[in-house]
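Below is one structure, written out as structure tokens; the observations come after it.
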Amino acid sequence: MVELWRLGRNRYGRAVYERLTAAGVTATWMSEYRRPLDDAPSRTVPDLTVKHCEPAAVGPLGAPVGELHDDEWVVAAFDGDTPVGYLFCSLDARLDIAPLERSMRFDGAYLRRVYVVPDHRKRGVASALVATACQRAHDRGAERATALVARDNVPSRALFESHGFTVGRDHRYVRVGPFSYGPL
């Protein structure tokens with residue numbers, strides 16, 4: 001049986017989503033994952049380097065670095081000099097959350113945009129990215145980390161749960177043309 005989350009995580013599902021959005025129809029259900037940063041265990045991946053880097057370093061991956069805010073940084077995984085994954089992290093920031101069509105304040109670290117190239121998935125790269133970002137945030141004084149994850153994004157939910165994140169609350173939003181309902 002096809003897992004439902006996969007329907008929207010391919011180019012065809014994305015095209016349907018974009019057409020509906022263009023027509024003024026959107027619905028979002030995201031879970032707010034949280035975790036205290038009292039201990040931030042490190043995780044490594046053999047033959048890869050995971051570190052804080054300049055945004056330009058992940059440009060070859062098509063990373064949307066143009067949407068980075070002044071107070072955000074990039075954590076990336078490299079196979080030699082080639083980037084194979086990244087995530088964005090901020091501290092104590094207020095960010096616009098496009099799917100919810102609103103701004104939210106995050107105390108502590110906020111992790112987003114976790115991406116790993118397909119050939120390096122299921123090797124612990126995303127786990128090393130999250131662990132490195134949490135450690136850096138902890139070293140900079142953050143007491144907790146937060147991530148917003150779409151309910152249909154099963155791999156990301158599993159990633160954050162494996163790092164001790166738990167769902168603090170859900171955010172739901174629906175818009176049909178000029179009428180909206182949420183956030184709930």
Carbon + sulfur, % of accessible area of segment 66-184 - ligands and nucleic acids excluded, 1.4 Å: 47 percent
Additional length obtainable on full extension of the chain from TYR17 to ARG140, 0.36 nm per residue less Cα span: 40.5 nm
Burial order of peptide ranges 134-144, 171-181 (average beta-carbon count within 10 Å, highest first): 134-144, 171-181
Degrees between helix 125-139 axis and first principal axis of the chain (Cα, 0 to 90, nearest 10): 80 degrees
0 to 90° range, to nearest 10: angle between helix 11-22 axis and the chain longest Cα axis: 50 degrees
Cα centroid of segment 66-116 to Cα centroid of segment 26-40, whole Å: 13 Å
Shape of the chain, Cα gyration tensor, a/c cut at 1.5: prolate
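The values are calculated or read from the model by the stated rules, or taken from the named source; none is laboratory data. Given the structure is predicted, the values throughout are model-derived calculations rather than measurements. In this analysis, Cβ positions are derived from the backbone assuming ideal geometry, glycine residues included, and neighbour counts consider all displayed protein chains. Quick note on the areas: whole protein, heavy atoms, side chains included, nothing else; ligands and nucleic acids left out. Shrake-Rupley method; radii C 1.70, N 1.55, O 1.52, S 1.80 Å.
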